[in-house]
Amino acid sequence: AERVVALATTGQLLVLVAAALYARAQVREARELRKDEARPYVVVDFEPDRPPFMNLVVANLGRTMARNVRIETDPSLDSSVYRSGPVALARLRLFSEGIPSLAPGKRIVLLFDQMAHRADAELPESYRVRLTYEWDGGAPIREELRLDLDLYRPLRRVMLGTTHDVNQTLDKIRRLLDKWSAGSEGGLLVLSPE
């Protein structure tokens, strides 16, 4: 009887140790999941705008602040739009010095290029991007991604009018109506059937 009790106690002890190890693994996994959900997620991507324009977007899709964001590309970012400007695209402060802090939900959008001019200038269609940033919850984060303009070339877009378009059209109508006046040249000529 003592032997049976000892075996049962040993078996019970083994079950308790296994349950404790399993619970410990579950707690560790839950902690890692919470950490992953709370971290910043910085992305760099192309975003088509009204044809023929392409924007470059840097955004923090995560829930916490990203600090000291560094963006390196291979090859260096190049654009037909910035070649004629005072500063080359790759030398913009955003890329040369980095972003001191990028709040959750923050998006930085800049004109990247005009797609028709890009083909004429023989510029790269693909870039490898290395992102490095820090956050308050752990070690610095390093990620690599690939940007490819060829993904957007065959796409067709539906053009939707915005309030800006409506405003421009109304402004044109107003300027035209301002030219009309009774008795002056350029006025509205009315012809009757007689």
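Which pairs turn up if I take residues in segment 15-41 that are closer than 30 Å to SER101 by Cα and of a type in the set (A, V, I, L, M, F, W, C) and look for partners that are open to solvent by less than 60 Å² (accessible area, probe 1.4 Å) and modelled with pLDDT under 90 with beta carbon separation below 8 Å, at least 6 apart in sequence or on another chain?
Listed by first residue and then by second, the contacts come to ALA38/GLY137.
Being among the small types (Gly, Ala, Ser), touching a strand residue (DSSP E or B) at 6+ places or on another chain (Cβ under 6 Å) and either assigned to a strand (DSSP E or B) or open to solvent by less than 80 Å² (accessible area, probe 1.4 Å) (or both): is that true of ALA59 here?
yes
Please name all residue pairs, on different chains or six or more residues apart, with Cβ atoms under 9 Å, provided the first residue is in segment 155-169 and is on the phi > 0 side of the Ramachandran plot and hydrophobic (A, V, I, L, M, F, W, C) and the second residue is at pLDDT 80 or above and open to solvent by less than 90 Å² (accessible area, probe 1.4 Å).
If the second residue must be at pLDDT 80 or above and open to solvent by less than 90 Å² (accessible area, probe 1.4 Å), no pairs are left.
So which residues in segment 1-41 are under 21 Å from GLU134 (Cβ atoms), open to solvent by 70 Å² or more (accessible area, probe 1.4 Å) and modelled with pLDDT of 90 or more, if there are any at all?
TYR41, the sole residue that qualifies.
Going residue by residue through segment 98-110, is there one that turns out to be over 30 Å from GLU122 (Cβ atoms) and in contact with a Ser or Thr (Cβ under 8 Å, 6 or more places away or on another chain)?
Yes - at least one qualifying residue is present in segment 98-110.
Restricting segment 64-98 to residues that are among the charged types (D, E, K, R) and over 20 Å from GLU144 (Cα atoms), which is farthest from the chain's Cα centre (by Cα)?
Here the answer is ARG83.
Can you name the residue in segment 103-148 that is open to solvent by 50 Å² or more (accessible area, probe 1.4 Å) and in a loop (DSSP other than H, G, I, E, B) and, of all such residues, is farthest from SER80 (Cα to Cα)?
Ranking the qualifying residues of segment 103-148, first place goes to ASP136.
The values are calculated or read from the model by the stated rules, or taken from the named source; none is laboratory data. Note that the structure is predicted; figures quoted are calculated from it, not measured. Ideal geometry is used to build each Cβ from the backbone, glycine not excepted, and the neighbour counts take in all protein chains shown. Protein only, heavy atoms only, side chains kept; ligands, DNA and RNA dropped before computing areas. Shrake-Rupley method; radii C 1.70, N 1.55, O 1.52, S 1.80 Å.
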